[in-house]
Amino acid sequence: MDSVEQASVQQATKLIDKFGRHVDYIRLSVTDRCDFRCVYCMTEDMTFLPRSQILSLEELYRVARVFTELGVRKIRLTGGEPLVRTDVMSLIEKLGALPGLEELLLTTNGAQLEKYAVPLKAAGVNRINISIDSLDAERFKKISRVGKLEKVLAGVDAANAAGFDNIRLNSVIMRGYNEDEVVSLAEYAIQRDIDIAFIEEMPLGEASDHNREDTTCSNAWVREIIEQKYRLVDSAEKTAGPSRYVKVAGKKSRIGFISPVTHNFCEDCNRVRVTVEGRLLLCLGNEHSVDLRAILRDEKSDDVVLKQALIDSMQIKPERHYFYDKDHAQPVRLMNMTGG
Ligand code: SAM
Ligand code: SF4
């Protein structure tokens, strides 16, 4: 790169893709491992990545830092289960102090929040999403294959007590597993003044225990079920994410609907993902990616080279995903590799 090119990279402060979308949000996967094996996310016998293939905490931090220098203002830590990564708190503390970062978010299965809620808040995590798909211990175990409901419920309480700006539960509703728990899950969130989002099951990789086309419940259906009990008020509030929120009349909680299967939200997409292997994924539902690990591990590549790769990646960010469309290839990677 000559000095003129270097200077133009130094001056670039924004990531804009070829459809004019401004990317200011990254989802950073800190591990592909997890202490659960949720049926929609993993197979029962998972092989995880060897240590040499995953980014070190320092490499993850470098990626985050360079993204913020290109205008990224929001980072969500995800996985796998972020809280199973050894020494993850040291990374979170550094990210919490990163200049320019306005929001540090975490998505977790909640099983370790009793231990981590207070340190996470102290490290600067603003908002937390906790996944919970059933309030029945046996069912919870069936869906997560190994998880203990009581640990997650205690985790939700610990997060609530720690004083995050916002807590949102995430529930994937699946026919034959938990479709009769829509109202009780909503009620559980409402009683605690926290938000809940219902996520349509996405066809990311093969599910080993069921056929996704049989289990996926549309959010239109989920909404109808909730409306049999609560009055939902459409909100004019526009969030940067894929959730469409409604308010529950007379309550503090909001209900979000994330409908990647039945409603395409790509037009407003402001995000990219980085897998723990250092693969920059430009879209959840496509394979377009850039190998950042190769750049991070090349001694000749400094931050200017890394920045240029991020800027260039905007040219291959796909316009949209096409789930269940026979004319388009479907992703083969499971969600734990994608970074939820
Ligand atoms: N382990 C953390 C957790 O469970 O919250 C973070 C990672 S997990 C992959 C992030 C989110 O993705 C969770 O809310 C989970 O329910 C959701 N998820 C996983 N696989 C999915 C799929 N195939 N379709 C829809 N959501 C999925
Ligand atoms: Fe683990 Fe989260 Fe995937 Fe469940 S959804 S297996 S908790 S990474």
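General remarks:
Each row is one residue, and each column tells you yes or no for (1) within 16 Å of ligand 2 (Cβ to nearest atom); (2) surrounded by 24 or more Cβ atoms within 10 Å (Cβ to Cβ); (3) within 30 Å of Ala309 (Cβ to Cβ).
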site: Glu69; (1), (2), (3): no, no, yes
site: Asn109; (1), (2), (3): yes, yes, no
site: Leu149; (1), (2), (3): yes, no, no
site: Asn160; (1), (2), (3): no, no, no
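- In the range 256-285, the residue that is nearest to the chain's Cα centre (by Cα) out of those that are within 27 Å of Ile226 (Cα to Cα) and modelled with pLDDT of 85 or more is Ile258.
- Screening the range 196-210 for residues that are modelled with pLDDT under 80 and within 13 Å of ligand 2 (Cβ to nearest atom) and picking the one that is farthest from His263 (Cα to Cα) gives Ser208.
- Complete set of residues in the range 85-114 that are under 19 Å from Lys141 (Cα atoms) and aliphatic (A, V, I, L, M): Ala111, Leu113
- Contacts under 7 angstrom Cβ, first residue in the range 131-147 being touching a residue at least 60 places away in the same chain (Cβ under 8 Å), partner of a type in the set (Ser, Thr, Tyr) and more than 12 Å from ligand 2 (Cβ to nearest atom), 6 or more apart: Ile143/Ser134; Ile143/Tyr177
- Cβ-Cβ under 7 Å pairs, at least 6 apart or on other chains, the range 77-95 side in contact (Cβ under 8 Å) with a residue 24 or more places away in the chain, far side assigned to a helix (DSSP H, G or I) and near ligand 1 (Cβ under 9 Å from one of its atoms): Gly79/Asn336; Gly80/Asn336; Val88/Pro82
- Per this entry, Ile226 is counted among residues that are modelled with pLDDT of 90 or more and either over 22 Å from the mean Cα position of the chain (by Cα) or closer than 15 Å to Arg27 by Cβ (or both).
- Here the condition is being over 20 Å from Arg168 (Cβ atoms) and at pLDDT below 95; of Thr31, Thr43, it holds for Thr43 alone.
- Hey, Val233 more than 22 Å from the chain's Cα centre (by Cα), more than 16 Å from ligand 1 (Cβ to nearest atom), farther than 22 Å from Glu103 by Cα and modelled with pLDDT under 95 or not: yes
- Number of the exception - Leu55 against (1) part of a loop (DSSP other than H, G, I, E, B); (2) within 16 Å of ligand 2 (Cβ to nearest atom); (3) surrounded by 22 or more Cβ atoms within 10 Å (Cβ to Cβ): (2)
- Looking only at the range 58-111, and only at residues there that are in a helix (DSSP H, G or I) and of a type in the set (Gly, Ala, Ser), the one that is farthest from Arg271 (Cα to Cα): Ser90
- The single condition among (1) out of contact with any Phe, Trp or Tyr (no Cβ under 7 Å at 6 or more places or on another chain); (2) at pLDDT below 65; (3) away from ligand 1 (no atom under 13 Å from the Cβ) that Leu334 does not meet is (3).
- Among the criteria (1) within 14 Å of ligand 1 (Cβ to nearest atom); (2) out of contact with any Phe, Trp or Tyr (no Cβ under 6 Å at 6 or more places or on another chain); (3) farther than 23 Å from Gln112 by Cα, the one Pro203 does not fulfil is (2).
- Test for Asp165: is it at negative phi, within 13 Å of ligand 2 (Cβ to nearest atom) and acidic (Asp, Glu): no
- Among the numbered conditions (1) surrounded by fewer than 17 Cβ atoms within 10 Å (Cβ to Cβ); (2) within 16 Å of ligand 1 (Cβ to nearest atom); (3) closer than 26 Å to Tyr177 by Cα, the only one that Ile132 does not meet is (1).
- Looking across the range 290-321, just one residue is of a type in the set (Ser, Thr, Tyr) and either touching a Phe, Trp or Tyr at 6+ places or on another chain (Cβ under 9 Å) or without any contact (Cβ under 8 Å) to a residue 40 or more places away in the chain (or both), and that is Ser301.
The values are calculated or read from the model by the stated rules, or taken from the named source; none is laboratory data. Keep in mind it's a predicted model, so treat the numbers as computed, not measured. All Cβ positions, glycine included, derive from the backbone under ideal geometry; neighbour counts span all protein chains shown.
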